[in-house]
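Quick note: the coordinates plus some simple rules give every number you see, no bench work behind them. Note that this is a predicted model, so its numbers are computed, not measured.
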């Protein structure tokens, strides 16, 4: 099992979690191929973190699966924009921490037993 972490990325955690949930449990090679064509900013960032986790463990992408892909909330940058009549409104620029764990792909023995087992 190997890990990769990317911290303080300027991306909303809610938007990144949508992509992280899709790739969880996938084969790493298949996940990288599907993220390449996704139109989100988060897809490109998460694919780089997955590639880094695969490289950290000296694996090939086709022989590992994504055990967990977690997106945590980072600090929020607070900015102000001038508004009418001398007031100001706050702009929140969220950041994220992305953690990916990959491990060797394990064949599910239970699934094969269910197909060969006769119904009583």
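Starting from the Kirkwood Rh over alpha-carbon pairs, what translational D in µm² s⁻¹ does the range 1-58 have by Stokes-Einstein at 10 °C and 1.306 mPa s? Intermediate values should be presented prior to the final figure.
Values: Rh = 11.7 Å.
Calculated translational D: 136 µm²/s.
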### Cα-only Debye scattering, the chain: base-10 log of I(q)/I(0) at q = 0.13, 0.15, 0.19 Å⁻¹
-0.60, -0.71, -0.94
### Task
Treating the angle as unsigned and between 0 and 90°, give the value, to the nearest 10°, between the Cα long axis of helix 13-23 and the longest Cα principal axis of the chain.
10 degrees
### Task
Before rounding to the nearest 500, sum -39500 (n - 2.57) across all DSSP H runs of length at least 4 in the chain and divide by the residue total; then give [θ] at 222 nm in deg cm²/dmol.
-11000 deg cm²/dmol
### Summary
Tilt, helix 41-56 to longest principal axis of the chain (alpha-carbon atoms), in degrees rounded to tens, equals 50 degrees
